[in-house]
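Asks: Got a structure for you, questions after.
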Amino acid sequence: MEIRKGKKEDILPVLGLIKELAIYEKAEDEVEVTMESMLEDGFSGNPVYGFYVAENEDGVVVGVALYYYRYSTWKGKKLYLEDFVVSDGYRGNGIGKLLFDRVLQHSLDENCNGISWQVLDWNKPALNFYDKYSASYDGGWLNGSLSKKEIEGVI
């Protein structure tokens with residue numbers, strides 16, 4: 001298994017993993033991103049995200065960890081792990097640990113003051129995984145959001 005920085009050629013299998021995760025999270029219809037938008041957003045002159053992939057011995061991408069930087073007025077520069085998924089048939093083989101550890105190292109290499117992510121409260125396998133790292137979870141915070149369509153409706 002090779003863990004490496006993602007490249008343009010990985011976008012199609014990464015999009016497949018994103019959709020696989022959306023199905024698992026019972027939100028398949030919420031995936032709006034396209035291969036074209038991922039290429040533009042990740043490989044333009046000012047990329048807004050980066051990612052690492054897990055590639056098996058046959059050269060097939062079987063896992064992804066997609067991140068971007070955020071800035072906390074209290075903590076400074078942090079890495080945000082947007083999506084982290086290993087294909088169902090490859091889970092339980094340590095691939096997630098390899099990917100997550102690579103992202104953790106990246107946060108140190110980039111002098112980040114930490115890393116954060118979201119996890120669904122019913123996703124026990126994911127919670128168990130993060131608990132092995134002694135992760136802490138925010139209490140009392142609600143995640144707010146507005147879609148592009150909602151923004152257009154109020155502006």
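The values are calculated or read from the model by the stated rules, or taken from the named source; none is laboratory data. What you are looking at is a predicted structure, and each value in this text was computed from that prediction instead of being measured. Note that we place each Cβ from the backbone using ideal geometry, even for glycine, and neighbour counts take in every protein chain shown.
Asks: Restricting attention to helices (runs of 4 or more DSSP H) lying wholly within the stretch 4-121, give those where 1 or more residues are closer than 22 Å to Lys132 by Cβ, of a type in the set (Val, Ile, Thr) and at pLDDT 95 or above.
Replies: So the answer is 95-109.
Asks: Can you name the condition, by its number, that Glu55 falls short on among (1) surrounded by 14 or more Cβ atoms within 10 Å (Cβ to Cβ); (2) closer than 26 Å to Asn143 by Cβ?
Replies: All conditions are met except number (2).
Asks: What are the pairs with Cβ atoms under 6 angstrom where one residue, in the stretch 111-127, is closer than 16 Å to Lys26 by Cα and the other, located anywhere, is among the β-branched types (Val, Ile, Thr)? Sequence gap at least six, or different chains.
Replies: Listed by first residue and then by second, the contacts come to Ala126/Val119.
Asks: Restricting the first residue to the stretch 133-154 and requiring it to be under 28 Å from Gln105 (Cα atoms), which pairs with a second residue that is loosely packed, with under 10 Cβ neighbours inside 10 Å meet a Cβ separation below 9 Å and a spacing of at least six or different chains?
Replies: Pairs found: Tyr137/Asp121.
Asks: When you look at Ser87, is it polar (S, T, N, Q), within 26 Å of Trp141 (Cβ to Cβ) and surrounded by 13 or more Cβ atoms within 10 Å (Cβ to Cβ), yes or no? Give the derivation first.
Replies: Numbers: polar (S, T, N, Q): yes; within 26 Å of Trp141 (Cβ to Cβ): no; surrounded by 13 or more Cβ atoms within 10 Å (Cβ to Cβ): yes.
Considered against the rule, which asks whether it is polar (S, T, N, Q), within 26 Å of Trp141 (Cβ to Cβ) and surrounded by 13 or more Cβ atoms within 10 Å (Cβ to Cβ), Ser87 comes out as no.
Condition check ((1) among the hydroxyl-bearing types (Ser, Thr, Tyr); (2) closer than 25 Å to Leu104 by Cβ) across all residues:
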{"position": "Val14", "(1), (2)": "no, yes"}
{"position": "Lys19", "(1), (2)": "no, no"}
{"position": "Glu32", "(1), (2)": "no, no"}
{"position": "Gly45", "(1), (2)": "no, no"}
{"position": "Tyr52", "(1), (2)": "yes, yes"}
{"position": "Val62", "(1), (2)": "no, yes"}
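Asks: Which residue out of Lys19, Lys26, Lys77, Lys5 is under 17 Å from Ser116 (Cβ atoms), among the basic types (Lys, Arg) and surrounded by fewer than 17 Cβ atoms within 10 Å (Cβ to Cβ)? Lay out the reasoning, then the answer.
Replies: Working: Lys19 fails: under 17 Å from Ser116 (Cβ atoms); Lys26 fails: under 17 Å from Ser116 (Cβ atoms); Lys5 fails: under 17 Å from Ser116 (Cβ atoms).
Of Lys19, Lys26, Lys77, Lys5, the one residue that is under 17 Å from Ser116 (Cβ atoms), among the basic types (Lys, Arg) and surrounded by fewer than 17 Cβ atoms within 10 Å (Cβ to Cβ) is Lys77.
Asks: Continuing with the same structure: Given the conditions (1) aliphatic (A, V, I, L, M); (2) in contact with a Cys (Cβ under 7 Å, 6 or more places away or on another chain); (3) surrounded by fewer than 17 Cβ atoms within 10 Å (Cβ to Cβ), and given that Ala135 satisfies all but one, which numbered condition is not satisfied?
Replies: (2)
Asks: Filter the stretch 65-100 for residues that are touching a Leu at 6+ places or on another chain (Cβ under 8 Å), under 24 Å from Asn46 (Cα atoms) and among the aliphatic types (A, V, I, L, M) and give the result.
Replies: Result: Ala65, Leu66, Leu81.
Asks: Within the stretch 93-113, can one find any residue that is surrounded by fewer than 16 Cβ atoms within 10 Å (Cβ to Cβ), small (Gly, Ala, Ser) and under 22 Å from Ile3 (Cα atoms)? Don't jump to the end; show me each part of the working.
Replies: As a first pass, look at the stretch 93-113 and keep what is surrounded by fewer than 16 Cβ atoms within 10 Å (Cβ to Cβ): 93-94, 97, 101, 105, 108-111, 113.
Applying the additional criterion that residues be small (Gly, Ala, Ser) yields 94.
Filter once more, so that each one left must be under 22 Å from Ile3 (Cα atoms): 94.
Yes - at least one qualifying residue is present in the stretch 93-113.
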